[in-house]
Amino acid sequence: MTDTGKRSAKAAAVLFRIGLTCELAIVLLQLSDYSLQNEGMLFRGTFVLFFLSALLSWVPEIRGGRTGRGELLFLAAFLALGAVSWRCSGRSEILRTVTFLAALRGTDIRREARYAFFVTLSGCLLLLFLAAAGIFGRLSLTMDYGRGSVETRWCFGLGHPNAAHCMAAMLVIFALYLFGEHMRLTVYAALLAGNAVLFLFTKSNTGVLVTAFALLLSLLFREVPKAGKGNTVYILTELMLAALLFLSFAAAVWGDALPLLARLDGPLNGRIATLRDTTFHEGTLFTWRWFSDRSNDSYFDLGWVRLFYWYGVIPGLSAVALLYALLRRVRIRKDTASLVMLASFFVYTFMEAHLVSVYLGRNYGLFVLACYAPELFGGAAQRAGTGREHE
């Protein structure tokens with residue numbers, strides 16, 4: 001690499017790190033009791049940083065012939081998809097995500113992922129300390145949580161008890177991806193015990209179940225290496241995603257009028273029934289559009305339904321196709337670390353829309369996608385690697 005190329009790569013890495021830090025800070029501020037103003041302007045700022053970073057890293061590669069035509073075509077296609085989605089729905093998340101991935105591709109992805117993990121963990125611990133010290137935020141929240149009685153649950157400075165356990169689940173899943181291969185059994189036991197104790201404070205069914213699911217799946221690969229070397233678990237994950245998507249589609253069509261969904265809606269705390277609580281039944285199939293609509297701005301918990309409702313049928317199907325292409329590459333590589341993260345996120349997104357949001361800093365699955373993007377789109381394999389793999 002020439003001196004000019006090195007300077008360009010260094011500048012791109014600095015711009016990306018600044019943008020990533022801003023995105024992570026926005027997530028932490030949104031979790032706290034602080035009322036963040038002008039989020040849209042902040043997102044435009046991070047978009048510009050990621051765009052400039054991508055420009056600085058891609059242009060020298062294109063000039064040097066190191067970028068495949070397939071990568072450029074897919075980048076152009078998804079940028080076009082994002083532009084159409086933004087024009088129809090008013091949502092810029094697809095454009096921002098594509099630009100983020102394009103910029104991330106030119107960095108040491110594992111290093112940036114570790115940075116995101118430690119910044120988020122440190123930020124959550126800081127919010128906990130501030131709440132415990134009585135400086136800022138609340139340790140607990142007393143209200144009716146939809147069970148007909150007022151009760152006190154703990155949020156540990158993270159705004160809401162469910163949000164607190166959600167962030168704990170996300171960080172555990174992220175830690176398994178980054179450090180799972182080095183974790184001892186005692187660490188797994190401590191995390192499982194901690195998950196159970198945290199549930200006593202938050203009463204978050206979703207958080208405790210998804211955290212346990214991720215830990216047990218990771219433990220399976222650790223204790224039974226054959227499970228990660230065969231295809232069975234990978235194919236079961238692909239089938240599980242299909243089942244979750246079908247249930248989400250059925251919820252948008254029939255709601256809790258379907259007996260199976262009615263039985264599921266109890267454990268889901270009425271998440272399916274809430275789709276029909278609004279005046280125009282927001283989120284139901286009747287409200288879906290090819291590229292969504294600016295009036296589709298309701299919030300509800302079912303993440304896969306929100307994906308199609310917020311961004312449209314075509315972007316939603318494109319995302320599903322991309323996920324299946326990613327799962328295929330994960331199966332070929334026998335990448336158990338990525339599978340644990342993806343499988344856990346699939347389950348979580350069926351129940352919660354934490355990952356289908358305006359906050360890119362929440363979605364740690366983007367680091368997995370960035371590692372595989374060159375392979376998926378016809379480029380060279382990512383040098384930084386993807387995590388715990390079986391050759």
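Within region 318-336, is there a residue that is acidic (Asp, Glu) and out of contact with any Gly (no Cβ under 7 Å at 6 or more places or on another chain)? No. Screening the candidates Val320, Val313 for the property of being out of contact with any helix residue (DSSP H, G or I) (no Cβ under 8 Å at 6 or more places or on another chain) and either within 19 Å of Val98 (Cα to Cα) or among the polar types (S, T, N, Q) (or both) yields one hit, Val313. For the criterion of being within 18 Å of the chain's Cα centre (by Cα), assigned to a loop (DSSP other than H, G, I, E, B) and more than 12 Å from Ala251 (Cα to Cα), Phe308 fails. Tell me, please, whether a residue that is closer than 24 Å to Phe346 by Cα and among the hydroxyl-bearing types (Ser, Thr, Tyr) can be found in region 135-143. Scanning region 135-143, I find no residue that is closer than 24 Å to Phe346 by Cα and among the hydroxyl-bearing types (Ser, Thr, Tyr), so the answer is no. Beta carbons closer than 9 Å, at least 6 apart along the sequence or on distinct chains, pair a first residue in region 118-145 that is over 25 Å from Ile173 (Cα atoms) and touching a residue at least 60 places away in the same chain (Cβ under 8 Å) with a second that is assigned to a loop (DSSP other than H, G, I, E, B) and among the charged types (D, E, K, R) for Phe136/Asp33; Gly137/Asp33; Arg138/Asp33. Listed by first and then second residue, the pairs with beta-carbon distance under 7 Å, at least 6 apart or on different chains, first residue in region 35-62 and not assigned by TED's automatic domain parsing to the domain that holds Gly19, second surrounded by fewer than 19 Cβ atoms within 10 Å (Cβ to Cβ), form an empty list. Of the residues making up region 51-95, those that are at pLDDT 90 or above and not in a helix (DSSP H, G or I) number 3. Total residues in region 241-288 satisfying the condition of being among the basic types (Lys, Arg) and either surrounded by 18 or more Cβ atoms within 10 Å (Cβ to Cβ) or within 14 Å of Leu307 (Cα to Cα) (or both): the figure is 1. Is it true that Arg328 is modelled with pLDDT of 95 or more, under 23 Å from Val233 (Cβ atoms), among the basic types (Lys, Arg) and not assigned by TED's automatic domain parsing to the domain that holds Leu216? In short, yes.
A quick yes/no check of all residues on (1) over 19 Å from Leu241 (Cα atoms); (2) among the charged types (D, E, K, R); (3) over 21 Å from the mean Cα position of the chain (by Cα):
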residue: Thr287; (1), (2), (3): yes, no, yes
residue: Arg331; (1), (2), (3): no, yes, no
residue: Ser338; (1), (2), (3): no, no, no
residue: Ser344; (1), (2), (3): no, no, no
residue: Glu352; (1), (2), (3): no, yes, no
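Considering only residues in region 6-46 that are surrounded by fewer than 15 Cβ atoms within 10 Å (Cβ to Cβ) and hydroxyl-bearing (Ser, Thr, Tyr), the one that is modelled with the lowest pLDDT turns out to be Ser35.
Here are the criteria: (1) modelled with pLDDT of 95 or more; (2) in a loop (DSSP other than H, G, I, E, B); (3) surrounded by fewer than 19 Cβ atoms within 10 Å (Cβ to Cβ). Tell me which single one Gly146 does not satisfy. Exception for Gly146: condition (1). So which residues in region 329-372 are part of a helix (DSSP H, G or I) and either free of Cβ contacts under 8 Å to residues at least 40 places away in the same chain or among the acidic types (Asp, Glu) (or both)? Across region 329-372, the qualifying residues are Ile332, Gly365.
The values are calculated or read from the model by the stated rules, or taken from the named source; none is laboratory data. For clarity, every value in this text was computed on a predicted model and none was experimentally measured. Ideal geometry is used to build each Cβ from the backbone, glycine not excepted, and the neighbour counts take in all protein chains shown.
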